[in-house]
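What follows draws every value from the coordinates through simple rules; no lab data is involved. Because the structure is a prediction, the values reported are computed rather than measured. Virtual Cβ from ideal backbone geometry, glycine too; neighbours counted across all protein chains shown.
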């Protein structure tokens, strides 16, 4: 896992979902952040493409009683308001491009699915009719963290604090996808691991 990030030949495709706190089958938001190392392998700071999608069908549902409501606090630009059908179409196009087309047209590159407890997010994506290739390279930041640090304090916010990553408005799917991607890049960087004494 660490090798895939360190070699800068792996596209990191990070996903996050915010579900309704009173009925977790209802998806409110989708967040996607993508690091594509092509043309920026030696960049000091990477360009990351961010998407924050609000689903029209669940716009009236709001969290806030048990889970913070940060739907309107996306830090990465404008949010897209799309129907479930259009959101699924857009996300499926991105998945097909990065997981199928890109590796075929760019020998030596691969794409990894990134997330923090990513299997749950995949299940939510599937509930919207979105599918991933069967052969899937997965980088779960929670699993990577727990493997070296144990499972105490392994939620995204606590890990970001431990690594001194400035962050805000978590529980916004777009922001969570972005900060999870940053975390994946840090966990996959040998120098960062040494600096933060992670091994």
Take every DSSP beta bridge whose two residues both sit in the chain, then give the antiparallel share in percent to the nearest 5. 55
What's the ranking of 114-121, 85-92 by average number of surrounding C-beta atoms within 10 Å, highest first? 114-121, 85-92
In whole angstrom, how far apart do the alpha carbon centroids of segment 1-45 and segment 149-199 sit? 13
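Rounded to whole Å and ordered largest first, report the semi-axes of the equivalent ellipsoid of segment 1-108 derived from its Cα gyration tensor (root of 5λ).
Taking √(5λ) for each Cα gyration eigenvalue gives 30, 16, 12 Å.
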Estimate the FRET efficiency between residue 7 and residue 69 by the formula 1/(1 + (r/R0)^6), using the beta-carbon distance for r and 45 Å for R0, to the nearest 0.05. 0.70
The FRET efficiency for residue 80 and residue 117, from their Cβ-Cβ distance with R0 = 35 Å and rounded to 0.05, is 0.90
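Kindly provide the helix-only [θ] at 222 nm of the chain, computed as the sum of -39,500 (n - 2.57) over DSSP H runs of four or more divided by all residues, to the nearest 500 deg cm²/dmol?
After summing the helix terms and dividing by residue count, I get -9500 deg cm²/dmol.
Grab the Cα-Cα distance for residue 138 and residue 93, subtract it from 0.36 nm times how many residues apart they are, and report the gain in nm with one decimal.
Full extension of this stretch gives 14.3 nm more.
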Quote the convex hull volume per residue of the chain, based on C-alpha atoms, as a whole number of Å³. 120
